[in-house]
Amino acid sequence: MHRVLTTCCFCACGCNLYLEVEAGKIIGVIPSREHPVARGNLCLKGWNSFGFVHHKDRLQYPLIRRKKHLVEANWEEALDLVAKRLLEIKERHGGRSLGVFSSAKCTNEENYLLMKFARAALKTNNVDHCARLCHSPSVIGLNNAFGSGAMTNSISELANAEVILVTGSNTTEQHPQIARFIFDALAKGAKLIVVDPRRIPLSRFAHVYLQPRLGTDVIWLNGMMKIILDEGLLDETFIKMRTENFRAFTEILRKFDLKQVEAVSGISVEDLERAARMYAGVKRAAIIYSMGITQHVSGTDNVQSIANLAMLTGHVEREFTGVGPLRGQNNVQGACDMGALPGTLSGYQDIASEEIRKKFERVWKTDLPSDRGLTGIDMLHSVGDKKIQGMFIMGENPALSHPDLKATRAALEDLEFLVVSDIFLTETAEFADVVLPAASFAEKDGTVTSTERRIQRIRRAIPPVGESKPDQQIICELASRMNYSMHYESSAEVMEEIAMLTPIYGGVYYDRLDKGWGLFWPCTNPDHPGTPFLHKGSFARGKGRFEYVVYRPPAEMPDDTYPFYLTTGRIYPHWHTGSMSRRIAALSRERPEAFVEINPKDAKRLGVANNKPVRVISRRGEITVKVRLTDDVPENTIFIPFHFREAPANILTHDKCDPGADIPEFKVCAVRLERVQ
Amino acid sequence: MPDELILNKEHLTGFLRKIANERELIAPVKNQYGDTLFEIVSCVDDVSLDLESRPVVPPKNFFLPRTEILFNYRHEGKEYRFEEALPDISRVLFGLRSCDLWAILFFDVVFQENFKDRYYLNRRSNTILINIGCHKPMQNCFCKSAQSGPFLAYGYDLQFTDMGDRFFVEIGRPGGRELVEKWDYFFEPVTQKDRNEQYEIVLEAESGFERIVDFDTAVSRFINDEVDEALWEELGNRCQGCGGCAYVCPTCYCFDIADRPVSDSKGERVRTHDACTLAGFTRLAGGYNPRHERRRRIRRRFYHKLAFAKERYHRPSCVGCGRCVEICFGRIDMIHFIRTVCEQPGKAMKASLRLGEILLDAGLISKEELKAALEKQADTGKPIGAQLIEDGVITKEDVARALGIQLGIP
Ligand code: SF4
Ligand code: SF4
Ligand code: SF4
């Protein structure tokens, strides 16, 4: 038996763990004790992260659709076909008719290569990935305010904060290790403020718990800032030295009517005052937020408001403070960093800039398209004008994770050609013309970047299962069949190219990563030590920018026909579309089936009982799912996790998006409930 | 061959090299990342042994692996064929801590008490255990309170005491004697001075504990049902169900057995570690969970470690290794728990609460409902179950079901 240190494949906490290998199989994992985030323990997902690797459903060979059915094929045949079809479409309709989904579950190197493949070989900037669905508003909102869209501080700093404000993040369930640091802070006497429409487990430890109505974040955030302004709790020196546009901001804020807070959000002004004083009254206060803030039509506004709040009180640019958007997937930060986005190349370098393009063109030896590409939502949700004809989807599962699934699936169905690479035959792969079997995290080398911008290694512990191949290899083999040569000896060589072209990764080399526990970007040259917290002494964009935000309600509100709010999300034992977690016995045993959380009072009115099925209907479709009674959701609000293919919550959600970030409003839509006879 | 010997430190590598040539040698190794793990050491000269810190996971994984194939199966037509995968390997575990070794002795009892677990026993009977007494207890070690260390009086094959430039070696069981006799040229006789020095080291180690806890009081409070419900509530809220406390505990032995198909016609029956803090651990077929609330599961965990083990094996099964103390997501740990229980005022509950407790445990009634029924019962004089049924809180079927489950009737 031997052990291989790697990074957990589930969430972006980025725990390091040892895979235990015996006779070519992974038989267990051991957490690293020295790793600064894992600290000797893993969440249940991490402890069982090896459980899907040898599952019998693993894709072992390529599949090609023949007479409506996916049948076994060999690699030559499959890759030749993919290359041929993609080239045909490109010739007939141009590169802009092709689209690529990269993957927040794949490595930095793979994301870099796929976006290179899209731009250099397919000649399209239509490349995106699931950050669109989770933190695109953070990337834009925090970039506007601070000049960088990532977590400002490192995870372990939380333990020394005096006040922690958690909003729109069910931290104990989605980022267990971050919650662990919050518990450490509490043990040292820190105060906790939780603001969440659902009474999440952490709220039981909150010194102030606020329960706003769904989609009213701008209101309570503005209210809180108004209180801070009125009571003079702001950090004037900080504002003067480090920010801009404050005067214009306060002119409007001063007129904000606190009465609105209770009317719109349901939070009483007294409670909000307690929270405001608590947050503003200390030196070291941090904000943690996640998709409860971003998955709204006002997602970018919500993020800007959070940035406003942090700047108003000077709680940023210092150790143990900051604004922390908690990224979900193990490498969603990295996939963004690598430029798997329609408008930026790796390191957030603008594709529209000629100078930047030139730099890449010199190394990539080809011309690049200069117009911004389509977002993931636009690629699949603008069926009418037939923009996208062919797609390459690497390790993503929009047929379960995108909003308004009927429309999404129709769009996938409509594609002239779809190729999917994945480790299992996902709901999306079922629509594919060619399915390529990919290697899992245990079977390849590479790096991933955690939510705290920590770049870490994943290491190959076993050879690829069956005939599967690492995505890196798949992309390169495909490129060479499309007359564009991409050849690398190793993932380390890919990283060398990334470092050369990407200033924030300029000092990232494998030999450095192997010593210690990775590097925090920005790490601009081989001697740069990395940056655990951003904006030290000055914001990345120079000065932090205040921008007043006017409240906009959610796109679809409950009415007489659809009287309930539906909010969707995740639960502790499962991971996104469940393709891995539901195949792990210990995880699937925790929550084998879908459920809808309903307040007992609503249940009584409707005459539905615990554990009994109920029909949930929205304007888009309906699902049947079992009831779980709980006071954790307020009246008139239901919660459904989106992991379960038998009862896909996203049949119900709509595809109205934030205008800037193009993120759909997964957190609010209107539904009605019907008893199943 | 006398029972006590001296091994000069310069001969340790030589001794271990000899062992590694003949058997699989397992020892605590500090790797390049700074983590100490029990590793299979094929070449002693290539690794850096770490005899100063506690390996991340206990040695139990070598006796009860995280995943273990019990047998392979194949079906052809109607016929099933089985192929047992019995382990058969001779090992020496070197550098165990006393607590971890004591935990193995506890496993020895558990894995042959009801039926003899051949997988465990095969591995165990082929393994020689060498522990190293803890001359410097670490922070969060409390084996002294648990009476499983820092040095052992029996149970080891060999016990080492670190005396600076040499080890004082005590021979316990035949396996140890065999090793020493085979390579006797590494060893020297002990002098009275060595004995005195070793005695001093043991004494000093005994007084070096930062953590002292009172197991007896905690156990008796438990057995007398004197643990405040509010504590369970608090711990239930803190536990996040990671399973870590069980996975790292040297005396947690719960496992799950499942069939894992490899293809349409082949499969494996596998045994994996399980954890009692998980909801799925206690959920029965059909979805009913007698301990559906987290606080019930946490209670069960501590009950099992302390009171149950005491009643069954005459001592708690916690060996005080301190592993669960450092890793909990909600900062729950054995030391803190025992201290809290010992500190709280004794609150004896009446024996008549038993059925109420069972129903409460099963999540069929709430505390408030139980309280109300108990008050009414005082007037009506009816049994508590009848009272609850009369009040419409539960049905007869509920009671029967809950009782059936409690008594182990499917
Ligand atoms: S907290 Fe996240 S990274 Fe850590 S073990 Fe759990 S899923 Fe993996
Ligand atoms: S380590 Fe803590 S959080 Fe994890 S299962 Fe045990 S008690 Fe619960
Ligand atoms: S309960 Fe904790 S301290 Fe006791 S033996 Fe288990 S892991 Fe060690």
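Listed values, structure above:
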read-out: Gain on full stretching of the segment that runs from A:E231 to A:K255 - 0.36 nm per residue minus C-alpha separation; value: 7.2 nm
read-out: Label point distance in nm, A:S268-A:M1, each placed 7 Å from Cα along Cα→Cβ; value: 5.7
read-out: Per-residue ³J(HN,Hα) for the stretch A:505-521, Karplus 6.51 cos²θ - 1.76 cosθ + 1.60, θ = phi - 60°, Hz, x for Gly and Pro; value: 9, x, x, 8, 10, 4, 5, 6, 5, 6, 8, x, 10, x, 9, 8, 7
read-out: Aspartates and glutamates whose Cα lies under 19 Å from that of A:K188, excluding same-chain neighbours fewer than 8 positions away; value: A:E157, A:E162, A:E319, B:E234, B:E326, B:D333
read-out: DSSP bridge orientation in the protein assembly as shown - percent antiparallel, rounded to nearest 5; value: 60
read-out: Computed over the protein assembly as shown, the ratio Rg/Rh where both radii use C-alpha atoms and Rh is Kirkwood; value: 0.98
read-out: Table column - 3J(HN,Hα) (Hz), the stretch A:361-366, Karplus curve with 6.51, -1.76, 1.60, x for Gly and Pro; value: 4, 5, 7, 8, 6, 6
read-out: Euclidean distance of C-alpha centroids, the stretch A:82-126 and the stretch A:52-79, integer Å; value: 21
read-out: Amide H partners (placed H, <5 Å) of A:F520, local residues excluded; value: A:I455, A:T531
read-out: Two-site FRET efficiency, B:E83 against B:H336, from Cβ-Cβ distance with R₀ of 41 Å, rounded to 0.05; value: 0.30
read-out: Residues with amide H under 5 Å from that of B:E39, placed H, sequence gap 5 or more; value: B:A27, B:V29
read-out: 10 Å Cβ neighbours from other chains, averaged over peptide A:60-69; value: 0
read-out: Residues whose placed amide H lies under 5 Å from that of B:F255, excluding near-sequence neighbours; value: B:D274
read-out: Between helix A:491-501 and chain A: long-axis angle, C-alpha atoms, 0 to 90°, nearest 10; value: 60
read-out: Estimated FRET transfer efficiency when R0 is 60 angstrom, pair A:S490-B:T395 (beta carbons, to 0.05); value: 0.35
read-out: Peptides ranked, highest mean first, by Cβ atoms within 10 Å: ranges A:51-58, A:84-91; value: A:51-58, A:84-91
read-out: Whole-Hz ³J(HN,Hα) from phi, Karplus 6.51 cos²θ - 1.76 cosθ + 1.60, for the stretch A:284-295, glycine and proline x; value: 10, 10, 10, 10, 10, 9, 8, 6, x, 8, 8, 7
read-out: Peptide B:236-245, shielding by other chains (average Cβ, 10 Å cutoff); value: 6
read-out: Protection proxy ranking of A:554-564, A:651-661, A:322-332 - average other beta-carbon atoms within 10 Å, highest first; value: A:322-332, A:651-661, A:554-564
read-out: Per-peptide average of other Cβ atoms within 10 Å, ordering A:478-487, A:39-48, A:254-263, B:33-42 highest first; value: A:39-48, B:33-42, A:478-487, A:254-263
read-out: Alpha-carbon centroids, the stretch A:27-47 and the stretch A:233-296: separation in whole Å; value: 37
read-out: Sequence-distant lysines (8 or more away, or on other chains) whose Cα lies within less than 29 Å of A:K444; value: A:K25, A:K45, A:K56, A:K84, A:K105, A:K116, A:K123, A:K365, A:K469, A:K515, B:K30, B:K266
read-out: Nearest-0.05 FRET efficiency for A:V363 and A:E635, computed from C-beta distance (R0 51 Å); value: 0.30
read-out: Extended-chain gain in nm, criterion 0.36 nm per residue less alpha-carbon gap, B:E226 and B:K371; value: 50.5 nm
read-out: Averaged over A:29-40, number of beta-carbon atoms from partner chains that fall within 10 Å; value: 5
read-out: Candidate lysines for bridging to A:K604, where Cα separation is under 22 Å - those fewer than 8 sequence places away on the same chain excluded; value: A:K612, A:K626, B:K367
read-out: Helix B:192-206 axis, angle to chain B major axis (alpha carbon atoms, nearest 10°); value: 30
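Readers should treat all values here as calculations from the given coordinates under stated rules, not as data from a laboratory. The structure displayed is predicted, hence computed values, not measured ones. Positions of Cβ are generated from backbone atoms using ideal geometry, with glycine treated the same way; all protein chains shown enter the neighbour counts.
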